[in-house]
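K.L.:
Could you have a look at this structure, given as structure tokens, before my questions?
The values are calculated or read from the model by the stated rules, or taken from the named source; none is laboratory data. Keep in mind the model is a prediction, meaning the values are calculated, not measured. Heads up, the Cβs are rebuilt from the backbone with ideal geometry, glycines too, and the neighbour counts pull from every protein chain shown.
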Amino acid sequence: MKLSALIVDDEPLMRIGIEMAIDWACYGIHEVLTAPNGRVALQMIEQQPPDILLTDVRMPGIDGLELSRIVKERWSRVKVVIISGYDDFSYAKKCISYGVTDYILKPIDGKTLSTAIEKIVHEIQEEHQKLQEQAAMSQRLNQTFGIARQKVLKDILFGDAASLELQRYSKLLGLEHALQGGVAVALVKIHSFREKSTVFRDGGLLHFAVQNILEELLRIHQLGELVDVRLGSLCLLLRPEDHAILEQFVNQALKAISETIRVQTAWGISGINEGGVSGMRRCYEEAARALKLRLLYPDTRMFQTGGVSELKSLPLPGAESLKSLYQALALGNVQPFQALLDSAFKELASGGPYDPDSIEAYYLEMAGILETVHRDRGSERSDFLEQVREAHYFCDTLQDVLERMNDIFQTAFLELQSQFRKPYSKVIRDVIDYLNANFKRDISLADAAGHVYLNRSYLSHLFGQETGSNFSDFLTELRIEKAKELFRSTTLKNYEIADEVGYRDFRHFGQIFKKHTGMTPSEYRKVVP
């Protein structure tokens, strides 16, 4: 902690004497300035107040007492030491009333000055320590208050706003008044969040960058507050005077985020809530439904409640149909399930527009059947429902959603079918996992053997014994199945699909594909749903 001192005396020798009397640096005072009178001293103090002021009492113009009074009124933290040649109680009494720290009589010796300065420096250090502690305490209290406020806001948006406990906390934190009428919910989603996160090396960093921009704009416009919902999306509680101000704010935010960190955002905005705390959950749900429209209109950035009409609903299979699907899956037959998914995919790709909520409900229903079958067979996999929810949350277009649905269900089918086959040893399971992860590469039996640390000949024998197929045929079959999936779910060109599944020579791929399916890639593409 570096301190400064200012010596004020109209006698040059006295100023020099005080300055030379002690080693100021040993007390942490690294800057010692001097002034010939009170007027000059005030000018210097106005530019940079010292920590310690030592002033003579009797000086022309502004004397020491007047200087002390002015300094303590305007810069109360400055420690003032009066230097006087008069042992006069009336002077001392005035000094006390002005808040002077010490009163030293002339002539001054080094010991007396050292004692006074040491005492003052100790006081300054104690005050500084207290200020730091108070600042730290204030920061902790603010953080605690902010955390509590965020938690209660989330409970209001997602929980039971009618609960007495939540109402009590809302009132305690000032939310009851803050949310009393005229509040709209804006749900903000970061476009291509997972892909952009790799650019930022951390999804949390990208999220924090968007959050900072939004909080700064809210502070400038005094328009509301932010609720940190989950990674990749944020919720704003806005109190605009009218719709024009709301649109202006959203457009400004879109531009600021795009220009500052080069990412896009989509906004779902509810209607105005006039029902206080109890109406906030409804507004959040409105904003969430509006935001889902981004899947249908990916080039639009702002969606509002009721902005799109006449959306179709994707019908759910009937109870009997669902029962039949379960029974087929329970026997290891995935074909009826696949046919239903293909039909839905075809309808969504060509018809519409469909309500995103109905699309999500459809795939959640189907994922629920899969989870039930897996669970009934003792499988540890029970996250299909969550995968479907995550896909609808993070994807930005309907095409993205459908591709992700295909991946989820195809993986589930493969896992289910593998349960009906003879269980493989850990080594063979590791090899199959390796093939599934690397089929796009030019891999060989030697590569797989190296992966599981086995002799190539021994692995070839073991692989054929357990799978009933040699390594090369198994890999080819895997690649053809992956190619068929891509033909069903993407618009990639034939040669691009060949490259995607590990064939650099398209003619060779075509020959292999026809050998296994009885059709050329072009013929197969025409007949798949």
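K.L.:
Between LEU217, LEU237, which is in contact (Cβ under 8 Å) with a residue 12 or more places away in the chain, part of a strand (DSSP E or B), touching a helix residue (DSSP H, G or I) at 6+ places or on another chain (Cβ under 9 Å) and not hydroxyl-bearing (Ser, Thr, Tyr)? Please lay out each step first, then the result.
P.N.:
Details: LEU217 fails: part of a strand (DSSP E or B).
Unique residue meeting the criteria: LEU237.
K.L.:
Here's another thing I want to ask about it. Search region 475-490 for residues that are without any contact (Cβ under 8 Å) to a residue 40 or more places away in the chain and pair each with any residue that is surrounded by 19 or more Cβ atoms within 10 Å (Cβ to Cβ) and not in a helix (DSSP H, G or I) when their beta-carbon atoms are under 6 Å apart and the residues are at least 6 apart or on different chains.
P.N.:
Sorted first by the residue in region 475-490, then by its partner, the pairs are ALA483/VAL501.
K.L.:
I would also like to ask the following. Test GLN327 against the criterion of being touching a Phe, Trp or Tyr at 6+ places or on another chain (Cβ under 8 Å), among the polar types (S, T, N, Q) and part of a helix (DSSP H, G or I), and give yes or no. Before the answer, list the steps.
P.N.:
On the way: touching a Phe, Trp or Tyr at 6+ places or on another chain (Cβ under 8 Å): no; among the polar types (S, T, N, Q): yes; part of a helix (DSSP H, G or I): yes.
No; evaluated as a whole, the condition is false for this residue.
K.L.:
Starting from region 99-111, take each residue that is in contact (Cβ under 8 Å) with a residue 24 or more places away in the chain and within 14 Å of ILE18 (Cβ to Cβ) and list its partners that are β-branched (Val, Ile, Thr) and assigned to a loop (DSSP other than H, G, I, E, B), counting only C-beta distances under 6 angstrom and pairs at least six apart or across chains.
P.N.:
GLY110/ILE22
K.L.:
Something else about it: Test of understanding: among GLY368, GLY318, GLY352, GLY332, which residue is among the small types (Gly, Ala, Ser) and modelled with pLDDT of 90 or more?
P.N.:
Working: GLY318 fails: modelled with pLDDT of 90 or more; GLY352 fails: modelled with pLDDT of 90 or more; GLY332 fails: modelled with pLDDT of 90 or more.
Matching residue, one of GLY368, GLY318, GLY352, GLY332: GLY368.
K.L.:
Restrict the check to region 245-263 and report whether at least one residue is at positive phi and not hydrophobic (A, V, I, L, M, F, W, C).
P.N.:
Step one: list which residues in region 245-263 are at positive phi, which gives 262.
Filter again for not hydrophobic (A, V, I, L, M, F, W, C), leaving 262.
Yes, region 245-263 contains at least one residue that is at positive phi and not hydrophobic (A, V, I, L, M, F, W, C).
K.L.:
Checking the structure you have, find out if any residue of region 345-363 is closer than 28 Å to SER192 by Cα and assigned to a strand (DSSP E or B). Break it down into steps so the answer makes sense when it comes.
P.N.:
Initially, region 345-363 is screened for residues closer than 28 Å to SER192 by Cα, giving 345-363.
The next check asks that each one be assigned to a strand (DSSP E or B); those that pass are 354.
Yes, because at least one residue in region 345-363 is closer than 28 Å to SER192 by Cα and assigned to a strand (DSSP E or B).
K.L.:
Let me ask another. Given (1) modelled with pLDDT of 90 or more; (2) within 39 Å of the chain's Cα centre (by Cα); (3) closer than 30 Å to SER343 by Cβ, identify the lone condition not met by THR476.
P.N.:
The single condition THR476 does not satisfy is (2).
K.L.:
Assess whether ALA391 counts as being in contact with a Lys or Arg (Cβ under 6 Å, 6 or more places away or on another chain) and on the phi < 0 side of the Ramachandran plot. Steps first, answer last, please.
P.N.:
On the way: in contact with a Lys or Arg (Cβ under 6 Å, 6 or more places away or on another chain): yes; on the phi < 0 side of the Ramachandran plot: yes.
For ALA391, the condition - in contact with a Lys or Arg (Cβ under 6 Å, 6 or more places away or on another chain) and on the phi < 0 side of the Ramachandran plot - is met.
K.L.:
Checking the conditions here, which among MET44, MET14, MET59 is more than 54 Å from the chain's Cα centre (by Cα), in the same structural domain as ASP109 (by TED's automatic domain parsing) and in a helix (DSSP H, G or I)?
P.N.:
Working: MET44 fails: more than 54 Å from the chain's Cα centre (by Cα); MET59 fails: in a helix (DSSP H, G or I).
Answer to the selection: MET14.
K.L.:
Exactly one of these conditions fails for TYR297: (1) free of Cβ contacts under 8 Å to residues at least 40 places away in the same chain; (2) over 17 Å from PRO353 (Cβ atoms); (3) over 24 Å from the mean Cα position of the chain (by Cα). Give me its number.
P.N.:
Unmet condition: (2).
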